[in-house]
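The following block contains the structure, expressed as structure tokens.
The values are calculated or read from the model by the stated rules, or taken from the named source; none is laboratory data. Here the structure is a predicted model, which means the values were calculated and not measured. Here the Cβ positions follow ideal geometry from the backbone for every residue, glycine too, while neighbour counts run over all protein chains shown. These accessible areas exclude ligands, DNA and RNA; they are computed on the full protein's heavy atoms, side chains included. Shrake-Rupley method; radii C 1.70, N 1.55, O 1.52, S 1.80 Å.
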Amino acid sequence: RDTAALATRLAGLTVTNLGPGRNKLFVRGLADSALTGQTQAMVGLYLDDTRLTYDAPDPDLRLVDLERVELLRGPQGTLYGAGAIGGVLKLVSRPPRLDAYEAEATAGLTFADDTAPGHSVDLVFNAPLLRDRLALRAVVYEEVLEGVVDDPGLGVRNTGATIRNGARVGLLWRINSRWEARLGTVFQILELDDSQYAFESLPPYERSLSVREPSNNDFNGASLSLTGDYDWGRVKLTSAYQGHDLDRRYDATTAVARFGGGGGGALGYDGTESTRAFALVASITSAPSGSLGWLAGFYGSHYSHDRTGEVIDLEPDAPLYEAEKRDETNEGAVFAEASWAPNDHLKLILGGRYFYVATQSSTRALLRGGSTDSFDGESQDDGFVSKAVVEYAL
């Protein structure tokens, strides 16, 4: 039901165990970091044709009503860009059906020792609005998992509960015998009342913090695809939008010597992130027949990421350190790939991607006492990514 569970079934995929909405993906051991940093992720996560992550953590969408999952191991930069040097995990949702009504309901209970049971409900509905022309498919879900970690010092038991609510809506319009349009939207709210780790030095499932560590992870996105099928191949144009908002608190009391503070009380670190992305992809692909195959296309995107971080003396709620950072990235690329299969066993693939990327960054940090540091800069880069594969099926 989530990417962490997928990792137990797909060879080469690993998911960190930082908690829902905080995890990073590894493919064959490659990632930019185990933590969410300020660099582009090395593994691309996609829902249909829309990329879900750039440098933010996995939004941890509940995997309901999927047609299939694709794991592309190894560098995929020629077709998917710079954020796929480690590989790509692609979630493919079921498209709306034009010819049938469908409804599905799934409910589940989760039990663990010494905590309340959790539950989940998944609802799927499909309806042809105009038979053989227009159809709607909707998915709605809720999941509640109770926590299991105790913190006697804070007087809390079974902390770390997770609540996940979300929905996906898809609309399919068959324009004529060759062309169809598909609109998709996704929305999810993920709330944790605390982080999920315990201390090895204490009894099982116990820890000792000075501050609780709640977090929220809200994700929304929309995509519109236009597809035309001809005898020689397929034309596809996709535009997409995504918004990703995160906020969380961490216990920063161990840093009191660095940042100071009142009477040696608890410190909290509050971090917020807001990302917005717009992307456009156009491609033409040969028909899947014969020994020769090819595809070509272009890509353009605009990405913005705002981050704020604040160290707070919780008594008397006074800021000790504040930092703000904003990145804006514009990227464009053209790509192509060709394959030749002279027989049933051998396949040769050649591909390439020319890219251009420009980033503007600004950072401001304010320390207690009024000292301020700031930085503004920009960078540009372009280059060519090549691909050559010899594949032999035994």
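Restricting attention to the stretch 195-236, which residues are of a type in the set (Gly, Ala, Ser), touching a residue at least 24 places away in the same chain (Cβ under 8 Å) and exposed (fewer than 15 other Cβ atoms within 10 Å of the Cβ)?
Ser208
Right, next: Could you go through the stretch 155-164 and let me know if any residue there is in contact with a Phe, Trp or Tyr (Cβ under 9 Å, 6 or more places away or on another chain) and aliphatic (A, V, I, L, M).
Within the stretch 155-164, not a single residue is in contact with a Phe, Trp or Tyr (Cβ under 9 Å, 6 or more places away or on another chain) and aliphatic (A, V, I, L, M).
Also, I was wondering about something else. Give me the pairs, please: first residue somewhere in the stretch 310-329 and farther than 14 Å from Thr253 by Cα, second residue anywhere and of a type in the set (Val, Ile, Thr) and in a strand (DSSP E or B), beta-carbon distance under 6 Å, and either six or more positions apart or on two chains.
Taking only residues 6 or more apart or on different chains, the pairs are Glu324/Thr308; Lys325/Thr363; Thr329/Thr359.
So which of Asp376, Asp344 is acidic (Asp, Glu) and not in a strand (DSSP E or B)?
Result of the check over Asp376, Asp344: Asp344.
Is it true that Ala116 is aliphatic (A, V, I, L, M), open to solvent by 20 Å² or more (accessible area, probe 1.4 Å) and more than 19 Å from Gly170 (Cα to Cα)?
Working: aliphatic (A, V, I, L, M): yes; open to solvent by 20 Å² or more (accessible area, probe 1.4 Å): yes; more than 19 Å from Gly170 (Cα to Cα): yes.
Against the criterion (aliphatic (A, V, I, L, M), open to solvent by 20 Å² or more (accessible area, probe 1.4 Å) and more than 19 Å from Gly170 (Cα to Cα)), Ala116 qualifies.
Return the residues of the stretch 237-262 that are within 23 Å of the chain's Cα centre (by Cα) and either over 21 Å from Leu47 (Cα atoms) or open to solvent by 30 Å² or more (accessible area, probe 1.4 Å) (or both); say none if nothing qualifies.
Leu237, Ser239, Tyr241, Asp245, Asp247, Arg248, Arg249, Tyr250
Any chance the stretch 353-363 includes a residue that's in contact (Cβ under 8 Å) with a residue 40 or more places away in the chain and of a type in the set (Gly, Ala, Ser)? Outline the logic, then answer.
Quick first cut of the stretch 353-363, residues in contact (Cβ under 8 Å) with a residue 40 or more places away in the chain only: 353, 355, 357, 363.
Those left that are additionally of a type in the set (Gly, Ala, Ser): none.
Within the stretch 353-363 (the criterion being in contact (Cβ under 8 Å) with a residue 40 or more places away in the chain and of a type in the set (Gly, Ala, Ser)), the answer is no, since none of the residues qualifies.
So which residues in the stretch 338-351 are out of contact with any helix residue (DSSP H, G or I) (no Cβ under 6 Å at 6 or more places or on another chain) and either surrounded by 15 or more Cβ atoms within 10 Å (Cβ to Cβ) or of a type in the set (A, V, I, L, M) (or both), if there are any at all?
Initial filter on the stretch 338-351 (out of contact with any helix residue (DSSP H, G or I) (no Cβ under 6 Å at 6 or more places or on another chain)): 338-350.
Scanning the stretch 338-351 gives Ala338, Ser339, Ala341, Leu346, Lys347, Leu348, Ile349, Leu350.
What is the number of the single condition among (1) assigned to a loop (DSSP other than H, G, I, E, B); (2) open to solvent by 20 Å² or more (accessible area, probe 1.4 Å); (3) closer than 28 Å to Ser201 by Cα; (4) touching a strand residue (DSSP E or B) at 6+ places or on another chain (Cβ under 9 Å) that Asp132 does not meet?
(3)
Looking at the stretch 92-113, is at least one residue assigned to a strand (DSSP E or B) and closer than 21 Å to Thr53 by Cβ?
Taking every residue of the stretch 92-113 in turn, at least one turns out to be assigned to a strand (DSSP E or B) and closer than 21 Å to Thr53 by Cβ.
Can you tell which of Val139, Val69 is surrounded by fewer than 19 Cβ atoms within 10 Å (Cβ to Cβ), touching a residue at least 12 places away in the same chain (Cβ under 8 Å) and outside any loop (DSSP other than H, G, I, E, B)?
Val69 is the lone residue from the list that is surrounded by fewer than 19 Cβ atoms within 10 Å (Cβ to Cβ), touching a residue at least 12 places away in the same chain (Cβ under 8 Å) and outside any loop (DSSP other than H, G, I, E, B).
Would you mind telling me which numbered condition in (1) open to solvent by less than 30 Å² (accessible area, probe 1.4 Å); (2) in contact with a Leu (Cβ under 9 Å, 6 or more places away or on another chain); (3) of a type outside the set (Ser, Thr, Tyr); (4) under 20 Å from Arg234 (Cβ atoms) Leu320 fails?
Against the list (1) open to solvent by less than 30 Å² (accessible area, probe 1.4 Å); (2) in contact with a Leu (Cβ under 9 Å, 6 or more places away or on another chain); (3) of a type outside the set (Ser, Thr, Tyr); (4) under 20 Å from Arg234 (Cβ atoms), Leu320 comes up short only on (4).
Now for a different question. Out of everything in the stretch 169-194 that is acidic (Asp, Glu) and part of a loop (DSSP other than H, G, I, E, B), what residue ends up being most open to solvent (accessible area, probe 1.4 Å)? Write out each step before concluding.
So the first thing to find is which residues in the stretch 169-194 are acidic (Asp, Glu), and the list is 180, 191, 193-194.
Then drop every residue that is not part of a loop (DSSP other than H, G, I, E, B), which leaves 193-194.
Values: Asp193: 62, Asp194: 3 Å².
So the residue we want is Asp193.
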